[in-house]
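Student: Take a look at the following structure, please.
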Amino acid sequence: MKTKLITLFTALFTVFTFSVQAQDDCALKYNMLKTDVKTKNYDSAVKNLNYSLDNCASLTANIYIYGGKLVNALLKDITPETKEQIIALENKLYAKRFENFPDIEPAKAHSDYADFLSKMGGDKKVIFEHYEIAYKDDPTKLGVGSIIYFFNAIIEKNKDNNLQEVFNVYDNIVEAMNKKVEGYLNIIQKLNARQEAGEALSSKDKRKLKAYSQNSKALGQIEGIMEKKVEEISTCDYLIPLYKAQYEANKTSEQWLGRTINRMFKKDCTTDPLYITLVGQYQEIAPSPEASVLYAGILMDKGETNKAISSFNKAIELESDPSKKAKILYRVANIFKKRGQTAKSVSYAKKAIAVKPSYGRAYTLIATAYAGSVDKCGNDEFTKRMVYVVAEKYALKASRVDPSIGVYASKLAKSYKLNQPSKKLVFNNDLGLKSGDSYTVKCWINETVSVP
């Protein structure tokens, strides 16, 4: 009996010793991997990563963080000879990650893996599956390239038989992107305000301003690409019967009503009786300042202008959140713009800017309104072309305060610059003005700028 106990104890001690030794080896290999990646000793890092994946895959999620950094470094010097090895290593890395740490940032992990497979010419079906997992978990984690790939695949898959799915994905992604951009712009606005007040930004704040500006710009470009694709495949002739068929099943859904109304508004489908029904239902189930503004727009269509303006102003007064108030003001500006009431449109856009100085679209609305009034706000070629100077000022401001529409705003500014008074016009103007003098654009604009 004593001999058996000694044998059992010896066996247990041996297992325990091996277990401790294995844990020590795993910790050692992981720490070596970490050091190798930091010191760019990539050959050794590959060996230690493989050991960690084969023997210690559940030790720590940091294995996959450093493994990802290693693969990204290897990709910089990829050759036809090393391509298959790198692909195999990345496939192994993600297979082990999904197995051992499926709940740690799954959306980002699947999106990053799909990005890699896409760059390497992987199977399109597999790539789409990983993007779809990421999208369903958290669309805000999709990268810029990921969004375009995934949305193109969604269009290709559904364009002939299920456009509503395309709209759903578009709305979900755009809403997710807008949340990210909103956060970026709030920080950009604060940093810009500090600079304008004469404060010198720290190196950290400068890097933050640059990074958030670049991210906002990229997301804004992606939204523009997606919107163009949606515009191409949706018309009032398609939307109205589609939404009529879906109305009964969705008339108690605040999200569906809000998205449907927005799409019909963008496509100028607001004269159809369905739009009036949708707005009325939206106001009934989700009363809010925004719903009141939409209803006021219908009142304007009916010729009840005074009542509509009263409703606009009441809705604006009731909204206390600055971002929501700015969006309501901008929507009112757009309603007046669609009806050709340019001066009122601009006045509400300026109110939106007063509430939220980083609201770039309000600046571009003003810029385009001014540029569209050239013939009305000038007596001769010089004074007419001076209107473009004012328009350029607002377009440039939009580009600076809101990088998400920077590309669009910059194009506007460039076109307005080209139409400003030439040197010859400045030299020969009848007002006796010279370059650098102040000039006030008359009529309803009433803005003062410098002669170029």
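The values are calculated or read from the model by the stated rules, or taken from the named source; none is laboratory data. What you see is a predicted model, and the numbers here were worked out from it, not measured in a lab. A quick note on method: Cβ atoms are made from the backbone with ideal geometry, for glycine too, and the neighbour counts reach across all protein chains shown. Note: areas computed on protein heavy atoms with side chains; ligands, DNA, RNA excluded. Shrake-Rupley method; radii C 1.70, N 1.55, O 1.52, S 1.80 Å.
Student: Can you tell me which of (1) open to solvent by 60 Å² or more (accessible area, probe 1.4 Å); (2) assigned to a helix (DSSP H, G or I) is the one Ala73 doesn't meet?
Tutor: Unmet for Ala73, out of (1) open to solvent by 60 Å² or more (accessible area, probe 1.4 Å); (2) assigned to a helix (DSSP H, G or I): (1).
Student: Still on this model: Counting just the residues of region 252-271 that are open to solvent by 70 Å² or more (accessible area, probe 1.4 Å) and without any contact (Cβ under 8 Å) to a residue 40 or more places away in the chain, which one comes out nearest to Thr140 (Cα to Cα)?
Tutor: Residues of region 252-271 that are open to solvent by 70 Å² or more (accessible area, probe 1.4 Å), as a first pass: 252, 254-255, 266, 268, 271.
Checking the rest, the ones that are also without any contact (Cβ under 8 Å) to a residue 40 or more places away in the chain come to 252, 254-255, 266, 271.
Numbers: Thr252: 27, Glu254: 22, Gln255: 18, Lys266: 24, Thr271: 35 Å.
Ranking the qualifying residues of region 252-271, first place goes to Gln255.
Student: Pick out the one residue from Tyr370, Tyr388 that is at pLDDT 95 or above, more than 30 Å from Gly183 (Cβ to Cβ) and open to solvent by 30 Å² or more (accessible area, probe 1.4 Å). Talk me through it step by step, then tell me what you get.
Tutor: Values: Tyr370 fails: open to solvent by 30 Å² or more (accessible area, probe 1.4 Å).
Unique residue meeting the criteria: Tyr388.
Student: Further question: Which condition does Thr383 not pass, out of (1) β-branched (Val, Ile, Thr); (2) touching a Lys or Arg at 6+ places or on another chain (Cβ under 9 Å); (3) outside any helix (DSSP H, G or I); (4) without any contact (Cβ under 8 Å) to a residue 60 or more places away in the chain, if it passes all the others?
Tutor: Of the numbered conditions (1) β-branched (Val, Ile, Thr); (2) touching a Lys or Arg at 6+ places or on another chain (Cβ under 9 Å); (3) outside any helix (DSSP H, G or I); (4) without any contact (Cβ under 8 Å) to a residue 60 or more places away in the chain, the odd one out for Thr383 is (3).
Student: Additional query: Do you know which residues across region 185-209 are open to solvent by 30 Å² or more (accessible area, probe 1.4 Å) and under 16 Å from the mean Cα position of the chain (by Cα)?
Tutor: Asn186, Ile187
Student: Further, regarding this structure: Quick test of your reading of the structure: Leu163 fulfils all but one of (1) within 21 Å of the chain's Cα centre (by Cα); (2) within 28 Å of Trp256 (Cα to Cα); (3) among the aliphatic types (A, V, I, L, M). Name the failing condition by number.
Tutor: Result: Leu163 passes all but (1).
Student: Could you list, in sequence order, all residues of region 335-349 that are open to solvent by 10 Å² or more (accessible area, probe 1.4 Å) and in contact with a helix residue (DSSP H, G or I) (Cβ under 7 Å, 6 or more places away or on another chain)?
Tutor: Start the filter on region 335-349 by keeping residues that are open to solvent by 10 Å² or more (accessible area, probe 1.4 Å), which leaves 337-344, 347-348.
Across region 335-349, the qualifying residues are Lys337, Arg339, Thr342, Lys344, Tyr348.
Student: Does Leu242 satisfy the criteria of being in contact (Cβ under 8 Å) with a residue 12 or more places away in the chain and more than 23 Å from Thr140 (Cα to Cα)?
Tutor: Working: in contact (Cβ under 8 Å) with a residue 12 or more places away in the chain: yes; more than 23 Å from Thr140 (Cα to Cα): yes.
The answer is yes for Leu242.
Student: Would you be able to say whether some residue in region 146-169 is β-branched (Val, Ile, Thr), under 21 Å from Pro403 (Cβ atoms) and free of Cβ contacts under 8 Å to residues at least 60 places away in the same chain?
Tutor: No, region 146-169 contains no residue that is β-branched (Val, Ile, Thr), under 21 Å from Pro403 (Cβ atoms) and free of Cβ contacts under 8 Å to residues at least 60 places away in the same chain.
Student: Name the pairs: first residue in region 307-336 and free of Cβ contacts under 8 Å to residues at least 12 places away in the same chain, second residue surrounded by 15 or more Cβ atoms within 10 Å (Cβ to Cβ) and aliphatic (A, V, I, L, M), Cβ to Cβ under 6 Å, at least 6 apart or on different chains?
Tutor: Once the first residue is free of Cβ contacts under 8 Å to residues at least 12 places away in the same chain and sits in region 307-336, its partners that are surrounded by 15 or more Cβ atoms within 10 Å (Cβ to Cβ) and aliphatic (A, V, I, L, M) give Lys307/Leu299.
Student: Scan region 26-42 for residues that are open to solvent by 50 Å² or more (accessible area, probe 1.4 Å), assigned to a helix (DSSP H, G or I) and not hydroxyl-bearing (Ser, Thr, Tyr) and jot them down.
Tutor: Narrowing region 26-42 to residues open to solvent by 50 Å² or more (accessible area, probe 1.4 Å): 28-29, 31-32, 34-35, 38-42.
Among the residues that remain, those that are also assigned to a helix (DSSP H, G or I) are: 28-29, 31-32, 34-35, 38-39, 42.
Passing the criteria: Leu28, Lys29, Asn31, Met32, Lys34, Lys38.
Student: Going by the conditions given, is Ser52 more than 31 Å from the chain's Cα centre (by Cα) and open to solvent by 70 Å² or more (accessible area, probe 1.4 Å)?
Tutor: Details: more than 31 Å from the chain's Cα centre (by Cα): yes; open to solvent by 70 Å² or more (accessible area, probe 1.4 Å): no.
Taking the combined requirement at face value, the residue does not satisfy it.
Student: Provide a single number: the residues in region 354-380 that are part of a helix (DSSP H, G or I) and either without any contact (Cβ under 8 Å) to a residue 40 or more places away in the chain or over 30 Å from Ser323 (Cα atoms) (or both). Walk me through it before giving the result.
Tutor: From region 354-380, those part of a helix (DSSP H, G or I) are 354-355, 360-371; that's our starting set.
Filter again for either without any contact (Cβ under 8 Å) to a residue 40 or more places away in the chain or over 30 Å from Ser323 (Cα atoms) (or both), leaving 354-355, 362, 365-366, 369.
Selection size over region 354-380: 6.
Student: Here is a follow-up. Please work out which residue is nearest to the chain's Cα centre (by Cα), limiting yourself to region 55-70 and to residues that are closer than 14 Å to Val37 by Cα and open to solvent by less than 40 Å² (accessible area, probe 1.4 Å). Can you show your working first?
Tutor: From region 55-70, those closer than 14 Å to Val37 by Cα are 62-70; that's our starting set.
Subset that is open to solvent by less than 40 Å² (accessible area, probe 1.4 Å): 63-64, 66-68, 70.
Values: Ile63: 31, Tyr64: 28, Tyr66: 28, Gly67: 29, Gly68: 25, Leu70: 29 Å.
The qualifying residue nearest to the chain's Cα centre (by Cα) is Gly68.
Student: Would you pick out the residues in region 283-328 that are of a type in the set (Ser, Thr, Tyr) and either in contact with a Ser or Thr (Cβ under 6 Å, 6 or more places away or on another chain) or open to solvent by less than 20 Å² (accessible area, probe 1.4 Å) (or both)?
Tutor: If we filter region 283-328 for residues that are of a type in the set (Ser, Thr, Tyr), which is where we start, we get 288, 292, 295, 305, 310-311, 320, 323.
Answer for region 283-328, where residues must be of a type in the set (Ser, Thr, Tyr) and either in contact with a Ser or Thr (Cβ under 6 Å, 6 or more places away or on another chain) or open to solvent by less than 20 Å² (accessible area, probe 1.4 Å) (or both): Ser292, Ser311.
Student: Checking Ala45 against (1) surrounded by 16 or more Cβ atoms within 10 Å (Cβ to Cβ); (2) free of Cβ contacts under 8 Å to residues at least 24 places away in the same chain, which single condition isn't satisfied?
Tutor: Going through (1) surrounded by 16 or more Cβ atoms within 10 Å (Cβ to Cβ); (2) free of Cβ contacts under 8 Å to residues at least 24 places away in the same chain one by one, Ala45 breaks only (2).
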